[in-house]
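This report refers to the structure that appears directly beneath it.
No value in this document is a laboratory result; all are computed from the given coordinates. If you're wondering where the values come from, they're calculated on a predicted model, not measured in any experiment. FYI the Cβ positions are ideal-geometry reconstructions off the backbone, even for glycines, and counts take in every protein chain you see.
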Amino acid sequence: MALAENDREGRKPASFAPFLKTAAGSILSIAVTMLGLLLVTFIIGRVMPIDPVLAIVGERASQSTYDAVYEQLGLDKPIIVQFFYYISDVVRGDFGMSLLNARPVAEDIARVFPATLELATLGTIFGVVVGVPLGVIAGVKRGSWIDQVARVVALVGYSMPIFWLGLVGLLVFYGILGWVGGPGRLDIFYQDIVPTRTGMILIDSAISGHWDVFRNAFSHLILPASLLGYYSMAYISRMTRSFILEQMSAEYIVTARVKGMSERAVIWRHAFRNIRVQLITVIALSYANLLEGSVLTEIIFSWPGIGSYITTALLSADMNAVLGGTVVVGLIFICLNILSDLLYRIFDPRSK
Amino acid sequence: MSDMTLREWLLSDAPTSRRQARFASLYKGWLNFRSNTMAMFGLGILVLLVLIAFCAPIVAPHDPYAQDLANRLQPIGTEGHLLGTDSLGRDILSRLIYGSRITLYIVTLVALIAPVAGLLVGTVSGYLGGWADVILMRITDIFLAFPRLVLALAFVAALGAGIENAVLAISLTAWPPYARIARAETLTIRSSDYISAVRLQGAGPFRIITKHIWPLCISSLIVRVTLDMAGIILAAAGLGFLGLGAQPPSPEWGAMISGGRRFILDHWWVATVPGLAIFTVSLAFNLLGDGLRDVLDPKGNSQ
């Protein structure tokens with residue numbers, strides 16, 4: 001026993017080196033991927049048919065004003081140099097000015113982002129709380145009615161346009177039944193009562209003890225969040241099911257059963273314990289997807305998040321805002337992707 | 001042959017010609033597929049959709065663009081307007097029928113562009129290996145790591161709204177998975193004996209890739225494309241809903257939902273009915289894709 005302990009201690013430094021190597025590799029791949037993202041948004045910004053100078057100075061500006069702004073934006077420099085300018089701007093958190101309201105895009109994004117975060121986080125919580133147990137049961141009782149139900153639920157989730165489901169949900173639960181709050185984050189009556197700290201109204205109102213605001217915010221949040229949660233649940237339950245199926249046919253499960261363990265212990269203490277790592281990566285991925293998937297949901301529910309921000313900017317040809325929003329969503333998406341990959345490598349003992 | 005029925009000929013254990021063997025394997029696949037009720041259901045819906053789109057002028061009771069302001073927002077079941085009318089008095093059923101053409105148009109175009117681009121990148125990368133492989137796969141990974149809808153939005157913003165640009169934007173974000181699949185297939189095929197044999201006979205890389213590697217990648221690509229169709233339809237409808245895809249007065253389903261959105265509380269059918277159409281078609285593609293996966297790609301069906 002003592003020998004085994006020693007052995008484990010002795011091996012520790014050796015197993016740390018490959019981890020550093022993977023970490024370095026991950027950082028390199030993050031850097032390359034992000035550079036790629038910036039290159040794509042840069043190219044999009046260049047091919048668009050809108051003249052960025054004209055958008056600032058207006059059509060009646062004199063030639064000298066036009067030239068001055070042209071130079072100020074760095075458009076007279078070679079395209080490679082312009083790209084480096086762009087990267088250094090983004091690294092400093094400068095996405096340029098919004099053409100619509102003449103405010104820094106970064107400030108706008110920081111203001112609207114907590115709303116999206118609140119929505120996507122609550123959606124993921126719903127997805128995990130319902131999806132994981134559903135997937136486990138469906139996998140254990142393969143072919144049972146609950147497996148069939150889980151299959152149909154997931155299939156419908158994969159086939160339903162999210163913006164349409166949102167509209168129907170709004171019609172039924174707000175219009176007909178009146179169970180939930182309507183579009184927006186709060187009723188007008190409750191707006192601007194709670195001081196903004198995190199930007200997430202549920203947290204802000206809980207901190208300052210405004211429980212009436214909390215209740216109102218929750219009634220507005222519940223429908224879009226459960227809608228997003230449904231999509232994440234469809235994905236999570238399917239993945240959980242296939243992970244569990246893989247485990248249940250393994251020999252150690254047979255051994256555990258032969259030893260006379262209760263079915264509950266076999267499932268939760270053995271099979272489930274072994275799929276936890278895979279589950280974490282799936283949940284991180286679905287969280288990333290929800291941040292993106294919230295674009296259409298935000299439009300339906302007039303939710304003032306980053307999705308609404310990008311689309312509003314899009315429709316009014318405010319390219320700085322569109323590209324800034326795209327970069328932010330893209331960066332978070334990439335980070336979550338790589339984080340889930342990294343978590344897998346760190347927590348899965350087999351990959352060491 | 002003469003005393004044999006067609007079925008016996010197809011199921012013969014000892015095919016006498018290459019053609020017979022090929023038809024036999026297709027037929028066995030079909031028999032296998034036919035036993036999957038849900039997949040057949042999906043196929044049935046899609047065949048019906050194609051027929052409706054093809055015969056739209058005959059099937060549609062009204063002109064999809066004809067406005068009739070006196071009869072606006074008529075409910076479902078109104079005389080002469082089975083699914084009611086929209087805010088400009090246009091017949092919703094007729095618009096749905098003509099809209100099926102747009103949906104099929106978008107899906108077909110994306111299903112042609114994205115897999116072909118992916119096939120090209122994947123096979124070249126897998127066959128050539130070395131630096132070409134590293135660079136092409138890095139690019140693929142970069143595109144895979146992007147949020148697809150947001151990227152499509154940015155593309156459409158740069159290119160301008162419209163169906164063709166929506167197709168282009170969706171294709172640009174949809175090709176990477178196909179490149180991954182094609183590369184994986186190529187890597188397993190590349191080192192096989194028959195490729196060496198062809199190479200010894202003097203075939204160049206172009207001939208080997210197009211004539212000997214591509215045909216073997218097709219079946220796994222078809223499965224993936226079918227499963228992706230639902231996603232493509234939903235993305236196209238989403239762009240249409242945001243006003244970035246098909247432009248009014250085009251009867252595109254996503255745009256129709258967007259048009260009916262303002263009336264959702266009082267006149268629910270205007271926005272609800274096109275959504276049901278989108279749901280039905282993408283469900284059909286999902287069912288068909290599941291069935292095809294079982295037939296064409298048994299190893300991928302671990303569940």
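Rg and Dmax of region B:194-303, Cα atoms, in Å?
21.4, 73
With angles folded into 0 to 90 degrees, how steeply does helix A:63-72 sit against the dominant principal axis of chain A? Use alpha carbons for both and round to 10.
30
In region B:106-135, whose amide N lies under 11 Å from the spot 7 Å out along Cα-to-Cβ of residue B:199? List them in ranges.
B:127-129
Charges at C-beta only: +1 for Lys and Arg, -1 for Asp and Glu. How large is the resulting dipole of the protein assembly as shown about its Cα centre, in Debye rounded to 20? Please list the in-between numbers first.
Values: 50 positive and 45 negative charges, 464 e Å.
Using only the charged Cβ atoms, the result is roughly 2220 debye.
Given the C-alpha centroids of region A:87-114 and region A:248-286, what is the distance between them in whole angstrom?
Result: 46 Å between the Cα centres.
Out of region A:227-319, which trypsin sites (Lys or Arg not before Pro) are coil in DSSP terms and have no more than 15 other C-beta atoms within 10 Å? Display every interim value, and only then the final one.
Numbers: sites: A:238, A:241, A:257, A:259, A:264, A:269, A:273, A:276; in loops: A:259.
Hits after loop and neighbour filter: A:259.
Which of B:279, B:135, B:239 sits closest to the plus end of the dipole of region B:90-300, meaning its Cα is farthest towards the positive end, when Lys and Arg get +1 and Asp and Glu get -1 on the C-beta?
It is B:135, whose Cα lies furthest towards the positive end.
Could you tell me how many degrees, from 0 to 90 and to the nearest 10, lie between the Cα long axis of helix A:145-159 and the main elongation axis, the longest principal axis, of the Cα atoms of chain A?
20
Can you give the Rg and Dmax of region B:1-120 based on its C-alpha atoms, in angstrom?
22.5, 70
Only Cα pairs under 8 Å and at least 6 apart count here; give the relative contact order of chain A as a rounded whole percent.
On the way: 378 pairs, mean separation 90.3, N = 352.
With pairs under 8 Å counted, the relative contact order is 26 percent.
Where does chain A land on the Kirkwood hydrodynamic radius, alpha-carbon pairs, in angstrom? Could you put the intermediate results ahead of the total?
On the way: mean 1/r = 0.0421 Å⁻¹.
Computed over chain A, the radius equals 23.8 Å.
What translational D, rounded to a whole number of µm²/s, comes out for chain B from Stokes-Einstein when the hydrodynamic radius is the Kirkwood one over Cα pairs, at 10 °C and 1.306 mPa s?
Numbers: Rh = 21.9 Å.
Once the numbers are plugged in, D ends up at 73 µm²/s.
Order the peptides A:159-170, A:76-87 from the highest to the lowest mean number of other Cβ atoms within 10 Å of their residues.
On the way: A:159-170: 22.7, A:76-87: 13.2.
Packing proxy ranking, top to bottom: A:159-170, A:76-87.
At most 14 other Cβ atoms within 10 Å and a DSSP loop assignment: could you name the trypsin sites (Lys or Arg not before Pro) in region A:131-221 that fit?
A:141, A:142, A:197
Semi-axes, largest first, in whole Å: what does sqrt of 5 times each Cα gyration tensor eigenvalue give for the protein assembly as shown? Kindly include the intermediate steps, with their values, before the conclusion.
Details: eigenvalues 318, 248, 196 Å².
After scaling each eigenvalue by five and taking roots: 40, 35, 31 Å.
Working from Cα positions, state the angle (0 to 90°, nearest 10) between the long axis of helix B:130-144 and the longest principal axis of chain B.
Relative to chain B, helix B:130-144 is tipped by roughly 20 degrees.
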